[in-house]
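I have placed the structure first, in the form of structure tokens, so that the comments after it can refer back to it.
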Amino acid sequence: GRHFRLLTREPGQERPDLPIWVSTPNLMAYEDVAAGPVVKTAVPGVQGAFVLSNVLSLGECDQINSVASAMGFTEDAPVSLGRRIRQNLSCVWLADDTVWAPVW
């Protein structure tokens, strides 16, 4: 993609060549209008865990999803937990502060 590049490859639990991606600065086009009032919802049965809703707009979510989908997902990750425990797909994206700072 023109907005990201392969930085390196790292070993996972199941394969030796997991892609680690880095995006170009100012990849995201954040909207000036808030997505709505941020709502904090506790996660039942998990002490201290919560979900924040309305942090990003639908357009901002679509941007993140499009980039991550173009980077691709794998069943492995560069972590010590094997697939039998960690049963999700993974996209390792080293996002610079122009991606994450506006959210915080």
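The values are calculated or read from the model by the stated rules, or taken from the named source; none is laboratory data. Since this is a predicted model, take the numbers as computed values, not measurements. Note that we place each Cβ from the backbone using ideal geometry, even for glycine, and neighbour counts take in every protein chain shown. The accessibility values were calculated without ligands, DNA or RNA, using every heavy atom of the protein model including side chains. Shrake-Rupley method; radii C 1.70, N 1.55, O 1.52, S 1.80 Å.
R15 fails exactly one of the following numbered conditions: (1) without any contact (Cβ under 8 Å) to a residue 40 or more places away in the chain; (2) part of a loop (DSSP other than H, G, I, E, B); (3) over 17 Å from W104 (Cβ atoms). What is the number of that condition?
(1)
Does L27 fit the bill of being within 24 Å of V103 (Cα to Cα) and modelled with pLDDT under 90?
So L27 fits the description; yes.
If the requirement is being open to solvent by less than 60 Å² (accessible area, probe 1.4 Å) and in contact with a strand residue (DSSP E or B) (Cβ under 8 Å, 6 or more places away or on another chain), which of these qualifies: V39, V43?
V43
Hey, can you tell me all the residues within region 46-61 that are aliphatic (A, V, I, L, M), assigned to a loop (DSSP other than H, G, I, E, B) and under 20 Å from V99 (Cβ atoms)?
V55, L56 - these are the residues of region 46-61 that are aliphatic (A, V, I, L, M), assigned to a loop (DSSP other than H, G, I, E, B) and under 20 Å from V99 (Cβ atoms).
Can you tell me which of V92, V79 is open to solvent by less than 70 Å² (accessible area, probe 1.4 Å), touching a strand residue (DSSP E or B) at 6+ places or on another chain (Cβ under 7 Å) and touching a residue at least 60 places away in the same chain (Cβ under 8 Å)?
Testing whether each residue is open to solvent by less than 70 Å² (accessible area, probe 1.4 Å), touching a strand residue (DSSP E or B) at 6+ places or on another chain (Cβ under 7 Å) and touching a residue at least 60 places away in the same chain (Cβ under 8 Å) leaves just V92.
What number of residues within region 13-36 satisfy the criterion of being open to solvent by 80 Å² or more (accessible area, probe 1.4 Å), within 27 Å of A77 (Cα to Cα) and not acidic (D, E)?
Number satisfying all stated conditions: 5.
Got a number for residues in region 1-12 being open to solvent by 60 Å² or more (accessible area, probe 1.4 Å) and in contact (Cβ under 8 Å) with a residue 60 or more places away in the chain?
Counting residues in region 1-12 that are open to solvent by 60 Å² or more (accessible area, probe 1.4 Å) and in contact (Cβ under 8 Å) with a residue 60 or more places away in the chain gives 5.
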